[in-house]
Amino acid sequence: MIEGTEKLVNVIQGEYKISQDPRCVMSTVLGSCAAVCLTDPEVRVGGMNHFLLPSRSGAGGEDVRYGAYSMELLINGLLKQGAQKNRLIAKLFGGAKMLSQLRDIGVSNIAFAREFLQAEGIPIASESTGGNAARRIRFWPCDGRVKQFIVPGEVEKVAPPKITPPPPTHGEIDLF
C-alpha cells in the first residue's frame with residue numbers, strides 16, 4: 001500500500017464497522033468499554049465493534065451499545081460479506097478500570113466477550129485487557145493487524161502539605 005492512502009474509519013461507542021477495503025484502518029479509543037476485532041483472512045474481510053455494557057437486563061436488548069447485540073450484528077455483517085464463522089479470528093481490547101470509586105464494568109465487558117466468542121467457536125488470537133489506562137486501537141480489517149497505543153492519563157498532582165508555623169509567643173526569646 002502506498003504511504004498516505006489509508007482510509008481512517010472511526011468506530012465510536014455503540015457502533016460496529018465492517019470493511020473489505022485494503023486501505024481501511026479502523027480506530028477507536030477504549031476505557032472500560034470493549035472492542036472485538038474480527039477477521040476472515042481467506043476472504044480478507046473484517047470488522048470492529050465498540051460496546052459499553054455486556055447486555056441489557058430485562059426485555060429488549062436490541063441496542064448496539066450492548067455487547068450481546070453488537071456481537072451478533074458484527075458476526076452477521078461479516079457473514080453477509082462472505083466470511084465463514086469457522087475462519088473468523090478475534091482480537092479483544094479494553095476493559096480498563098478507569099475510576100477506582102466505581103464498579104469495575106470493564107471486567108464484566110471482557111468476561112462477556114470471552115464467553116461469547118468461546119460459545120461461538122471463535123478463537124481469540126490476542127488480547128490486551130484490563131489495567132487502568134485508556135487504549136487507542138488501530139485495526140486493519142483485511143489482514144487482522146492491530147496496533148495499540150496506551151493513552152497517558154492525567155497524573156493527579158498532590159500539593160505538599162502546608163507547614164503552619166507555630167503561633168508567636170509574647171515575651172519569650174529563644175537563644176541558640
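Derivation of every value follows stated rules applied to the coordinates shown; laboratory data play no part. Keep in mind the model is a prediction, meaning the values are calculated, not measured. Positions of Cβ are backbone-derived with ideal geometry, glycine not excepted, and every protein chain shown enters the neighbour counts.
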How far apart, in nanometres, would the label points at GLN148 and VAL43 be if each is projected 7 angstrom from Cα along the Cα-to-Cβ direction?
2.8
Here the percent of antiparallel bridges among DSSP beta bridges lying wholly in region 7-151, to the nearest 5, is 75
Would you tally the net charge around ALA90, using a Cβ to Cβ cut-off of less than 13 Å, leaving ALA90 out, and scoring K and R as +1, D and E as -1?
0
Let me check against my output: what whole-number percent is the relative contact order of region 7-151, with C-alpha pairs under 8 Å and at least 6 apart?
31
In Hz, Karplus ³J(HN,Hα) per residue of region 146-152 (6.51, -1.76, 1.60; θ = phi - 60°; x = Gly, Pro)
9, 10, 10, 10, 7, 8, x
Please compute the length gained on full extension between GLU6 and ASP104, using 0.36 nm multiplied by the number of residues separating them and subtracting their Cα-Cα distance.
31.7 nm
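Less than 13 Å Cβ to Cβ from VAL146, Lys/Arg counted +1 and Asp/Glu -1: what total charge do the surrounding residues give? Before the final figure, lay out the partial values.
Numbers: positive: LYS91, ARG135, ARG136, ARG138, ARG145, LYS147; negative: GLU127, ASP143.
Here the count lands on +4.
Please state the charge dipole magnitude for region 7-151, taken about the Cα centre, from unit charges on C-beta atoms (+1 on K and R, -1 on D and E), reported in debye and rounded to the nearest 20.
Numbers: 18 positive and 12 negative charges, 92 e Å.
So the dipole magnitude of region 7-151 works out to roughly 440 debye.
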Ordered by residue, what ³J(HN,Hα) values in Hz, to whole numbers, does region 75-88 give under the Karplus form 6.51 cos²θ - 1.76 cosθ + 1.60, where θ = phi - 60° and Gly and Pro are x?
5, 5, x, 5, 4, 5, 8, x, 5, 10, 4, 6, 9, 5
Return the sequence-ordered ³J(HN,Hα) values of region 111-124 in whole Hz as given by the Karplus equation 6.51 cos²θ - 1.76 cosθ + 1.60 applied to θ = phi - 60°, using x for Gly and Pro.
4, 4, 4, 4, 5, 4, 4, 5, 5, 8, x, 9, x, 9
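Calculate, for GLN13 and GLU120, the FRET efficiency according to 1/(1 + (r/R0)^6) with r their C-beta to C-beta distance and R0 22 Å; round to the nearest 0.05. Show your work: numbers first, answer last.
On the way: r = 23 Å, r/R0 = 1.04.
Between GLN13 and GLU120 the formula returns 0.45.
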Taking amide H positions as placed in the peptide plane 1.01 Å from N, state which residues far from ASN132 in sequence (5 or more) or on other chains have amide H under 5 Å from it.
LYS97
Place +1 on the Cβ of every Lys and Arg and -1 on the Cβ of every Asp and Glu in region 7-151, take the dipole about the Cα centre, and give the residue among GLY46, VAL146, PHE93 whose Cα lies farthest towards its positive end.
VAL146
Give me, ordered by chain and number, the residues 5 or more places off GLU127 or on other chains with an amide H under 5 Å from its own placed amide H.
LEU92
